[in-house]
Structure formats: structure tokens, C-alpha cells
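Beneath this line is the structure, given in C-alpha cells, with notes to follow.
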Amino acid sequence: MIRFGPAGIPLSCKGRTLQDGIEDVHNLSLSALEIQMVRSSAYARPPDDEEIGMTLKDIEEGFVLEILRDGDSIIDPDEPIEEDDDLIYMPSGVSDTYGDLFWTNEMAKRLDVSLSIHTPYYMDLGSNTDLTENCINSIRHAALIMNALGGDVVVTSLGLYDGKTDEEEINENIYNNVAYIMDWWQDNGLTPKLGIEITGQQDVFGSLDQVLDICEQIDGLVPVINFSHHHSRTNGSLLEVDDFLNVLEQVEPFSDGTIHTAFAGVEYDDGGNEKRLTPIKKGDLKFEPLAEALIEMKPNATVISTSPLLEHDAMYMKIIHERVLAKKVAKDLKEKKKAEMAAAAGE
């Protein structure tokens, strides 16, 4: 099955809540939505008197998703809050309260909308500065949100090369920090996957080879094919059906049953660096050969529209995919009928 959906709440959606977005995606005959975690700052505060004895799911004021107790993190949504705890809250959560996510989970399943989440686009797991700690927490909090929503994957990039620090040192820091995240992830039994995205800049960790290598080295990771980024980074390598098949076939063994992808038109410079994303009909990256590759390969896959036109281009890709599939079915039926007629004539 191929799912299509936008990166964020549809532009045409009258409401701006996550729940509105899920319902709108369903009404547009789409079946995926990638939440954009734009504002990820989280802060600690003591519990109010009325919150003592409540659980994270019960709190009705603010988006509180974690308890700090004696220096330890508690993420069990049914754990009672104690007087000396600190609560980790996000002023700009993806929903009014953390508890809302659990019924939103049921809503998404009822409407058959698959959910994923993208961490903030500027991530730095390579410098081991205070910023790195904030980025690790952003990934952790995205994982808690996805887990409550019953979603499939947390999509993230990992870091950049600053031109001063040795690249091998940055790579080592990235691997160590991702391994730390995955130890925490697995210790807490979180069900989503952590998806490492192909990036579109030469000075950012995230070539196809780098993504596949880290997914091979660390359990629980899956690669995320951002076709626009890969096309930019490889100076326009995705032109024919076989070009897309080559990438899909490399990624498929690491994808745990479902390949997560993103697609948009793109402009890039001669150095293999993405300049901007564009509507799909612009530029030299075309969706038709990807549609043919998906039909030939028949994977379970999600295609997220990161185009400026969001849901418009998600629906456009779905239509193109259905059109290419219909042509293939008609061609196969014609060839089958022709073979049957030839066999009958021979008899």
C-alpha cells in the first residue's frame, strides 16, 4: 500500500489543530500526515496543588509530557504525580494537552490516517554542546508524542559539519548520541521507529551512504528517503525509473516493512546543495518515474509532500500514481489477452 499526505496541517484546513488536520487529510482522500515539530522548547515547573496525585494524561492545563523525580525521567502516562516532582511542559505542544493525544490516536486509526512527526529542521548531535542536549531532548519528546499517537516514525536529521571540528569527531559524536537515544528509547518500550533523513546539503550529515551505515550500526533506526534532498545532494541523479528503484532497493532492507519518504520539486546549485523546495511540477525532479518505481517494486510506503503546495501536491502525486497504475494494468491485460489469442490460434 502507498500512502500519501502532507508535511503539516493542510493549508486549506479551516481549523489549525492536529485533530482538524487529521480529519481534513481524511476528507481529501489522503491517508498520511507528518506533524511538524516547529517549536520544541520544553521547560520544568513544579506541579500545582491540584495536579498532585494526577497523571500526565489527566492534566488539563498545558502540554505536560514528562515527570522528573530525583533526577530521573518518568514517562509513564499513568504514573501519579508527587509533590516534589518537576513537570516537563512544552508551551507550544502539538495539542492542547498530552492527554488529548491518546484519543487523537483512536481518531487517526478510525479515519485510517498514518501519523509521523518531524523534529525541528536544525539539529546538532555532533558538537556536544548545550545545543546538542536540547536536540536530544527534542527527539525524545517527539518520540513520546508519536508513542501516544500510535504513530509510525520520528523523522530527524542529525547534525552539520562546522568547518572547524574534524569530521570524524563529529561523526563519532553523532553515532554515540544516537546510540544513547536508542538505549533510552528501547528501555522505555517506545513503539515508533527513529527515522534518519537524507539531507540536502553537503556540509550536513545525511548522504544516502551515511544514513544506511548508521541504520546498520544502531538497532531501531530506519532510513527516510527525502528524494528532493537526495536529488540535490547528488546533482540531479534521480531522472529515470531505475534511478529511483536503485535508491528504494538500497533502503528497503533497513525499513522494517514500510519505507518512509518525502517528495517535492527542488532547486539546487552546482555544488550539490539544495536551494529551495518548489511545487512538484517545477524543476527536473519528476514524480512519474517514482510512481512507476513504486508500482514495479510494490513496497509498503508513505510519500509525504514537502512541497509549498502541501496537500495539493500530495493529491497530485496520488492521482499520478493511480494513473500510472491504471495504464500498467491496462497494458498487462492487453498483453495477457494477446497471449491467450496466440495460444488459441496455435491450438
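The values are calculated or read from the model by the stated rules, or taken from the named source; none is laboratory data. Keep in mind it's a predicted model, so treat the numbers as computed, not measured. Note that we place each Cβ from the backbone using ideal geometry, even for glycine, and neighbour counts take in every protein chain shown. These accessible areas exclude ligands, DNA and RNA; they are computed on the full protein's heavy atoms, side chains included. Shrake-Rupley method; radii C 1.70, N 1.55, O 1.52, S 1.80 Å.
The condition of being in contact (Cβ under 8 Å) with a residue 24 or more places away in the chain and within 25 Å of ASP76 (Cβ to Cβ) holds for only one of ILE214, ILE198, ILE181, that being ILE181. Here ILE280 fits the description: buried (at least 17 other Cβ atoms within 10 Å of the Cβ), within 19 Å of SER31 (Cβ to Cβ) and in contact with a Lys or Arg (Cβ under 9 Å, 6 or more places away or on another chain). Filter region 97-143 for residues that are part of a helix (DSSP H, G or I) and touching a Ser or Thr at 6+ places or on another chain (Cβ under 7 Å) and give the result. LEU101, THR104, SER138, ILE139, HIS141, ALA142, listed by residue number.
Just to be sure before I move on: is SER116 crowded, with 23+ Cβ neighbours inside 10 Å, on the phi < 0 side of the Ramachandran plot, small (Gly, Ala, Ser) and in contact with an Asp or Glu (Cβ under 9 Å, 6 or more places away or on another chain) in the structure I sent? So SER116 fits the description; yes.
Applying the criterion of being more than 14 Å from the chain's Cα centre (by Cα) and among the charged types (D, E, K, R) to the residues of region 128-166, the residue that is surrounded by the most Cβ atoms within 10 Å (Cβ to Cβ) is ARG140. Criterion applied to LYS275, LYS281 was being charged (D, E, K, R) and not in a strand (DSSP E or B), and the one residue passing it is LYS281. Does ILE75 meet the test of being open to solvent by less than 50 Å² (accessible area, probe 1.4 Å), of a type in the set (A, V, I, L, M), over 16 Å from LEU18 (Cβ atoms) and without any contact (Cβ under 8 Å) to a residue 24 or more places away in the chain? No, not satisfied. Out of GLU274, GLU296, one residue alone is surrounded by fewer than 23 Cβ atoms within 10 Å (Cβ to Cβ), over 30 Å from ASP166 (Cα atoms) and in contact with a helix residue (DSSP H, G or I) (Cβ under 9 Å, 6 or more places away or on another chain). It is GLU296. Listed conditions (1) surrounded by fewer than 19 Cβ atoms within 10 Å (Cβ to Cβ); (2) part of a loop (DSSP other than H, G, I, E, B); (3) small (Gly, Ala, Ser) are all met by ALA44, apart from (2).
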